[in-house]
């Protein structure tokens, strides 16, 4: 498969777009909703202003770990990008851009504030709520999902002639 020469630009643009959207939405929440307030006060979907000083899903961790972990993850993801990029092109570039933009968005919060600003609150059933999250969290999870789909062959890839490519070891499609 021919390498997509625009993949690095796609990664950069998608990552910067996520970082900008994440920081803008968090700034709007910090300036328009008081700490621990919710808009509306009740409902299945609310905007809230809470600070997460832990790591994913509010799990507690020392501050040094919460700051260092994204750097280590980011380096690992970039290594994966350079490993898979020649084979998968733009889908992997978008997935890495989403992941890196989200990771950087939350990392910037950890450097500027005591924790990450989370603001999307979804009520699942009764008084049960999902963990409060933000745009960066959505991008991180979407980036992981796109990466898994692209890398593990869950979406069809094409040969240079436009024909579907048989996944390695799949003899059912080798006709």
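Is there any pair linking a residue in the range 73-85 that is surrounded by 12 or more Cβ atoms within 10 Å (Cβ to Cβ) to one that is outside any helix (DSSP H, G or I) and modelled with pLDDT of 75 or more, with Cβ under 6 Å and at least six apart or on different chains, and which?
Taking only residues 6 or more apart or on different chains, not a single pair turns up.
Please work out which one of (1) closer than 26 Å to residue 47 by Cα; (2) touching a helix residue (DSSP H, G or I) at 6+ places or on another chain (Cβ under 9 Å); (3) at pLDDT below 90 is the condition residue 81 fails and give its number.
Every listed condition holds for residue 81 apart from (1).
Inside the range 113-144, can you point out the residues that are in contact (Cβ under 8 Å) with a residue 40 or more places away in the chain and surrounded by fewer than 16 Cβ atoms within 10 Å (Cβ to Cβ)?
Listed by number, the residues that qualify are 113, 114, 122, 123, 131, 144.
Among 47, 24, 28, 19, which is the only one that is modelled with pLDDT of 95 or more and touching a strand residue (DSSP E or B) at 6+ places or on another chain (Cβ under 6 Å)?
47
The values are calculated or read from the model by the stated rules, or taken from the named source; none is laboratory data. All values reported here derive from a predicted model rather than from experimental measurement. Positions of Cβ are generated from backbone atoms using ideal geometry, with glycine treated the same way; all protein chains shown enter the neighbour counts.
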